[in-house]
1. Would it be correct to say that Ile119 is in the same structural domain as Asp202 (by TED's automatic domain parsing), closer than 30 Å to Gln200 by Cβ, of a type in the set (Val, Ile, Thr) and assigned to a strand (DSSP E or B)?
2. Just wondering, is there one or more residues in the range 148-159 that are at pLDDT below 95, in a loop (DSSP other than H, G, I, E, B) and of a type in the set (Ser, Thr, Tyr)?
3. Considering each of Ile32, Ile11 in turn, give the residue that is in contact with a Phe, Trp or Tyr (Cβ under 8 Å, 6 or more places away or on another chain) and either closer than 19 Å to Gln162 by Cα or not in a helix (DSSP H, G or I) (or both).
4. I'm checking my understanding of the structure. Among residues of the range 24-38 that are more than 18 Å from Ala104 (Cα to Cα) and over 15 Å from the mean Cα position of the chain (by Cα), which one is surrounded by the most Cβ atoms within 10 Å (Cβ to Cβ)?
5. Looking at (1) under 18 Å from Ser244 (Cα atoms); (2) surrounded by 14 or more Cβ atoms within 10 Å (Cβ to Cβ), which is the only condition Phe176 fails?
6. In this structure, is Asp179 under 30 Å from Pro102 (Cα atoms) and without any contact (Cβ under 8 Å) to a residue 24 or more places away in the chain?
7. Which is in the same structural domain as Leu116 (by TED's automatic domain parsing) and touching a Lys or Arg at 6+ places or on another chain (Cβ under 8 Å), of Ile198, Ile184, Ile206?
8. Using the structure shown, decide if Ala240 is of a type in the set (A, V, I, L, M) and over 15 Å from Ile137 (Cβ atoms).
Amino acid sequence: MLSISSKENKIFKKLKKLYENRLFRKSERQTILIGEHLIDCCLNSNCKLRGVFIDSSIPLEKFQNLFMRLDDVPKYTLTKNLLRELSLLKSCPGIIALADIPVASFAKPKDLNLFLDDIQDPGNLGSIIRSAQAFNINAIFLSENCADVWSPKTLRGSQGAQFLINCHEKQSFEDFLKDLSIPIFSLDLEGSPLSSTILQRDMVVIIGNEGNGVNKRYKKMVKASISIPMNNNVESLNVASAASIMMYEYNRQFQ
């Protein structure tokens, strides 16, 4: 097991750049997984790990069960201070990993699919992905300006659910529509109440940007708009909460 103790180490520099830079993650097709749970999600999905990095102050026995699954993965120790620079948490979990970003396999849209229109906050995106996996959503399609599915913040919010559901990034809505034969709905403040809407077995729901909602030019293409009834004193719900309620209702009608 090799030891890394300097910020000048080329491996640490790469990890730091992957942690901070979306374009670098895309060019390398790699990301950082913080904590044992995300590493476990990656292994369960048969994605490739390229390295595991452990806090040098923690006894290796703590990760003995995990190491049994990592025979062919290079292992390193890092100082606690270096590891903190690669973690979102004040209390660092003590282990991170370098992983390949999986390629989403395309399947014809069926059941419920989400089209995310410029979701900006990685935490919101992560929460939507986590709910999508919980409610057995078929696939997620993300517009070109959405937050990064594979950023450390999104991974933390999703708890690794993107390893288990196909997330198609950088999608043009117009191109997405070309071969689409199932109806499109949108989640919108001005739509019909979700509680009285008959959903379709196979459908797409557009979920809009946190500040601006669904793009106006997309509204002309939808079969219907859906709203979530709520107290008049509340202006709107968090986009991830609204998306979760809609997915729950779809499951209630069809599962």
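1. When the stated conditions are applied, Ile119 does not pass them.
2. There is no residue in the range 148-159 that is at pLDDT below 95, in a loop (DSSP other than H, G, I, E, B) and of a type in the set (Ser, Thr, Tyr).
3. Ile32 is the lone residue from the list that is in contact with a Phe, Trp or Tyr (Cβ under 8 Å, 6 or more places away or on another chain) and either closer than 19 Å to Gln162 by Cα or not in a helix (DSSP H, G or I) (or both).
4. Gly35
5. (1)
6. Yes; evaluated as a whole, the condition is true for this residue.
7. Ile184
8. no
The values are calculated or read from the model by the stated rules, or taken from the named source; none is laboratory data. Since the structure is predicted, the reported quantities are computational estimates derived from the model, not experimental observations. All Cβ positions, glycine included, derive from the backbone under ideal geometry; neighbour counts span all protein chains shown.
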